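The values are calculated or read from the model by the stated rules, or taken from the named source; none is laboratory data. All of these numbers come straight from a predicted model, not from anything done at the bench. Note that each Cβ is placed from the backbone with ideal geometry, even for glycine, and that neighbours are counted across all protein chains shown. Ligands, DNA and RNA are stripped out before the accessible areas are found, and what is left, the full protein with its side chains, is counted by its heavy atoms. Shrake-Rupley method; radii C 1.70, N 1.55, O 1.52, S 1.80 Å.
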Amino acid sequence: MPLRDYQRKRNFDVTPEPKPARRANHAQLAYVIQKHQASHLHYDFRLEWNGVLLSWAVPKGPSVDPSVKRLAMQVEDHPVDYANFEGVIPEGEYGGGTVMVWDRGTWEPEIPDVDAALRKGDLKFTLHGQKLRGSWVLVRTPRGWLLIKHRDEYASKEDILVTAPRSAVSHKLMAAIARENSGDVEKAAKADPKPAK
Ligand code: MN
């Protein structure tokens, strides 16, 4: 979905999210996953490409287990600067709720032609994140895209959403991000793992 659709949906006088800004091309391509407690909890998986963040909403979040395929619904492209946003989108605004930078880093295509791979619906890539690493694929099916970990030394049966629930930038949980940004703490806390007994 084009960036202008995103810009039309946002009222930048009301929301604290960054305005889109032009930026130079970098050799390194940004990768980010934002944990987003909107009307439903999901993880927004974003890859920088052609000056925007290609974006997929992953309702169940990524899995590092290669036997687990996670549905990833492609949503509108976002501005590259959006990768740094952690905070609260006001209720009533598009995507209202708490946003955490759950993981971030860079990515590399494993194929020579990214645009052709996206058209074909089969994008193989390597993530260099703080939490997610190694080889992955996004594959398009009639039901939507699937995000799948490839078998490599970074694959595991660990439920990384539970074992690594904190922000990659602030180390906060969702409830703390909501509290410090005048958000709905009770709603945000539902997205945090239950404290160990
Ligand atoms: Mn979202």
Residues within the range 141-197 that are among the basic types (Lys, Arg) and outside any loop (DSSP other than H, G, I, E, B), tallied: 3
The range 127-181: number of residues that are open to solvent by less than 60 Å² (accessible area, probe 1.4 Å), more than 15 Å from VAL101 (Cα to Cα), touching a residue at least 24 places away in the same chain (Cβ under 8 Å) and of a type in the set (Ser, Thr, Tyr): 2
Criterion violated by GLU93 - all others in (1) crowded, with 19+ Cβ neighbours inside 10 Å; (2) of a type in the set (D, E, K, R); (3) within 14 Å of the ligand (Cβ to nearest atom) satisfied: (1)
Checklist (1) in contact with a Pro (Cβ under 6 Å, 6 or more places away or on another chain); (2) more than 13 Å from the ligand (Cβ to nearest atom); (3) within 26 Å of GLU186 (Cα to Cα) applied to ASP81, failing item: (3)
Residue in the range 114-126 that is assigned to a loop (DSSP other than H, G, I, E, B) and open to solvent by less than 50 Å² (accessible area, probe 1.4 Å) present: yes
Within the range 19-45, considering residues that are among the charged types (D, E, K, R) and modelled with pLDDT under 95, the one nearest to the chain's Cα centre (by Cα): LYS19
Residue match in the range 99-108 (condition: at pLDDT 95 or above, more than 16 Å from the ligand (Cβ to nearest atom) and in contact with a Ser or Thr (Cβ under 8 Å, 6 or more places away or on another chain)): yes
